[in-house]
1. Given the options 143, 76, name the one that is within 16 Å of ligand 1 (Cβ to nearest atom) and either outside any loop (DSSP other than H, G, I, E, B) or at pLDDT 95 or above (or both).
2. Does any residue of the range 435-444 turn out to be touching a helix residue (DSSP H, G or I) at 6+ places or on another chain (Cβ under 6 Å) and crowded, with 24+ Cβ neighbours inside 10 Å?
3. For residue 357, which of the numbered conditions (1) more than 21 Å from residue 429 (Cβ to Cβ); (2) more than 16 Å from ligand 1 (Cβ to nearest atom); (3) charged (D, E, K, R) fails to hold?
4. Out of the range 256-296, which residues are farther than 20 Å from residue 16 by Cα and away from ligand 2 (no atom under 12 Å from the Cβ)?
5. So is residue 100 at pLDDT 95 or above, among the small types (Gly, Ala, Ser) and not in a loop (DSSP other than H, G, I, E, B) or not?
6. If you take just the helices (runs of 4 or more DSSP H) that sit entirely in the range 155-230, which of them hold at least 2 residues that are away from ligand 1 (no atom under 16 Å from the Cβ), within 30 Å of residue 382 (Cα to Cα) and not aromatic (Phe, Trp, Tyr)?
7. Do you know which residues across the range 61-78 are under 32 Å from the mean Cα position of the chain (by Cα) and either under 20 Å from residue 170 (Cβ atoms) or among the charged types (D, E, K, R) (or both)?
Amino acid sequence: MVATEATTDPEVLVIGAGPGGYVAAIRAAQRGLDVTLVERDALGGVCLNRGCIPSKAYVTATDVAHDAATAEEMGIHADPVVDLAAMCDWKDGVVDRLTGGVEKLCKANGVSLVEGTASFVDGETVRVDDGDETETLTFDHCIVATGSRPLELPGFPFAADPVLDAAAALELSSVPDRLVVVGAGYIGMELSTVFAKLGTDVTVVEALDSVLPGYEDDVARVVRKRAESLGVDFHFGERATGWRDAADGGIVVTTESDDGTKSTHGADRVLVAVGRTPVTDTLDPENAGLEPTENGALETDERCETAVDGIYAVGDVAGEPMLAHVASAEGVVAAEAIAGEPAAFDAQAIPAAVFTDPEIATVGLTESEAEAEGFDPVVGEMPLRSSGRALTTGDTEGFVRVVASADGFLIGAQIVAPEASELIAEPTLGIEMGATLEDVAATIHTHPTLSEAVMEAAENALGQAIHTLNR
Ligand code: FAD
Ligand code: NAD
């Protein structure tokens, strides 16, 4: 990052240049405010440098190799050779383009960039330390966007060589023969799939009784089964307790179940992905009167403002859900609120996607959540095996489900399908705009596409599906 000259008393000081911070800074500058953005590491934050983008680059690249190697049914015979170091270089090039783009956008919008770690002196002043010098900045408004870091599990210090966090796993220059993954959440499932497709023997240890706890059983089941078919070996109800060197030159990961049963799993490396925790310890938040919650997050109201007047918090540092698009949406709200606009964060239609094989994407309420909230929900489903386009992609496991209120308003959707992360945009917009099942069913969808399954699911909920039997 190249620092441009900062004003010493910006109207808006943004701390952290991830998708929460840089978006907030640009929007505030677009509103005519004088903005300084401070970043201690790299523009783009975890998302661009060590998270969303690098992991999705690997998801795509390993899909290409795996799809080519397994397309004999389509008459394609190939035996791809994967050069992980070259794949890593390609991924780094993608990251560089994007982070360079963030720098250009900030400059083009008049955002002043400052390198260093910002910490509060008081409720209107920060000190920025770049390792050589310190600079003091005063602000009228501050947006804290300092993100999160991986939780370190007792017994698995990230400093130990065989122990990897997601960032280190995405920097490996050779494919490990055996990998134990601790945690079958977002990162565990995405990266297990990546390494299984690279030919690694993957063992997943999960404390709870299924993959992706929090997702509905039939949603998670499709992904678990596909992962198992790729050779991933799941051990549910096991809590990782530690690791030691093994006689074969590798390591042994030890686990314990709730009834006290102890197990061991051999590996060369262990990836620990058991959640993330907000970053506030870089900030001296107490100097500004900020009190992080027990989980370390900065609580905010619907305008993303903390309990301290004029100090806002957006993204992972403001707690769950820790997703890049939520960080950006909150960044926009905070910037517009500071600019005096009636902005507020609306949690009604927040999509989430897991980039597994197949992908999972959800938005709004599930059927049981809708029931718990007092709706009498109407549900429609389209299995992928009835979709012409799904058959032509060779991926027929999965479904599109829509959930509507009794009077037909769309309130949720769950999709397990290739490109589910793209397909979820339609129901998300539908919920946002107050669409009904009739609106979705009457919308002409291109044929043959996977998006027709969204229309068919809505038709199914109305008892009018053509390509599936109605409920
Ligand atoms: P961050 O991106 O963490 O940025 C915070 C920035 O603040 C950092 O650059 C940090 O250096 C800086 N900072 C911290 N303290 C200071 C300080 N005192 N002074 C100056 N700078 C400071 N989310 C999705 O939506 N989709 C995905 O596909 C996805 N994939 C992921 C894959 C992985 C492997 C990981 C780890 C995460 C993934 N996420 C994904 C989550 C996503 O990366 C985060 O939700 C997102 O980055 C949060 O953005 P943020 O701006 O709040 O914080
Ligand atoms: P996670 O919360 O998604 O999953 C952690 C898993 O680890 C849980 O299933 C939990 O039961 C398990 N676990 C906890 N302690 C354990 C132990 N001792 N032994 C075995 N299992 C244990 O966390 P994550 O996968 O680290 O991801 C962190 C966050 O990053 C996510 O919650 C999400 O917000 C974000 N993320 C999002 C995406 C995406 O949007 N596609 C991708 C990656 C990460």
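1. Working: 76 fails: within 16 Å of ligand 1 (Cβ to nearest atom).
Just one listed residue meets the conditions, 143.
2. As a first pass, look at the range 435-444 and keep what is touching a helix residue (DSSP H, G or I) at 6+ places or on another chain (Cβ under 6 Å): 437, 440-441.
From what is left, the residues that are crowded, with 24+ Cβ neighbours inside 10 Å are 437, 440.
The answer is yes; a qualifying residue exists.
3. If we test residue 357 against (1) more than 21 Å from residue 429 (Cβ to Cβ); (2) more than 16 Å from ligand 1 (Cβ to nearest atom); (3) charged (D, E, K, R), just (2) comes out false.
4. Those that are farther than 20 Å from residue 16 by Cα and away from ligand 2 (no atom under 12 Å from the Cβ): 259, 260, 261, 262, 264, 266, 267, 268, 269, 294.
5. Working: at pLDDT 95 or above: yes; among the small types (Gly, Ala, Ser): yes; not in a loop (DSSP other than H, G, I, E, B): yes.
It is true that residue 100 is at pLDDT 95 or above, among the small types (Gly, Ala, Ser) and not in a loop (DSSP other than H, G, I, E, B).
6. Values: elements: 166-169, 186-197, 217-229.
The qualifying helices (runs of 4 or more DSSP H) are 186-197, 217-229.
7. Narrowing the range 61-78 to residues under 32 Å from the mean Cα position of the chain (by Cα): 61-71.
Matches in the range 61-78: 61, 62, 63, 64, 65, 66, 67.
Residue-by-condition table, conditions (1) of a type outside the set (D, E, K, R); (2) buried (at least 21 other Cβ atoms within 10 Å of the Cβ):
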{"position": "385", "(1), (2)": "no, no"}
{"position": "391", "(1), (2)": "yes, no"}
{"position": "396", "(1), (2)": "yes, no"}
{"position": "405", "(1), (2)": "yes, no"}
{"position": "409", "(1), (2)": "yes, no"}
{"position": "415", "(1), (2)": "yes, yes"}
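The values are calculated or read from the model by the stated rules, or taken from the named source; none is laboratory data. None of these values were measured; they are calculated from a predicted model. Backbone-built Cβ (ideal geometry, glycine too); neighbour counts: all protein chains shown.
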